[in-house]
Amino acid sequence: MTKRRNRFEQTHSLEERLIARAESLREQAAALAPGIEKKAILKLARQADAGESMSEWLRSSSSA
């Protein structure tokens with residue numbers, strides 16, 4: 001028998017999810033003392049911001 005993929009429809013756009021992820025990560029980092037773990041969490045937040053910017057940029061260039 002073949003394995004079926006679990007599929008579901010996203011209720012929020014990719015940009016909204018990335019923004020929410022970045023905000024959540026920044027809140028987590030604010031509760032931590034300076035250190036390696038805090039740096040790693042802030043790096044993930046910056047990556048989410050960059051992903052949101054790229055997605056927005058790609059979306060705007062395709063409609064031009």
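Once you order the gyration tensor axes a ≥ b ≥ c over the Cα atoms, which shape class does the chain get: rounded for a/c under 1.5, otherwise prolate or oblate by comparing a/b with b/c? Judged from the Cα gyration tensor, the chain comes out oblate (a/c at least 1.5, b/c at or above a/b). Overall, the chain carries a charge dipole of about 440 debye about its Cα centre when +1 sits on the Cβ of Lys and Arg and -1 on the Cβ of Asp and Glu, all other atoms neutral.
Legend: ranking of residues 58, 14, 25, 44 from fewest to most surrounding C-beta atoms inside 10 Å; resulting order 58, 14, 44, 25. Applying the criteria of a DSSP loop state and at most 10 other Cβ atoms within 10 Å to the trypsin sites (Lys or Arg not before Pro) of segment 1-45 yields 3, 4, 5, 7.
For segment 20-35, the Karplus equation 6.51 cos²θ - 1.76 cosθ + 1.60, evaluated at θ = phi - 60°, returns couplings of 5, 5, 4, 4, 4, 5, 5, 5, 4, 5, 5, 7, 9, 6, x, x Hz by residue, with Gly and Pro reported as x.
Any read-out appearing in this document is the output of simple, stated calculations on the displayed coordinates, not a laboratory observation. Keep in mind that what you see is a predicted model, and the values were worked out from it rather than measured. Every residue, glycine among them, receives a Cβ derived from its backbone with ideal geometry; neighbour counts consider all protein chains shown.
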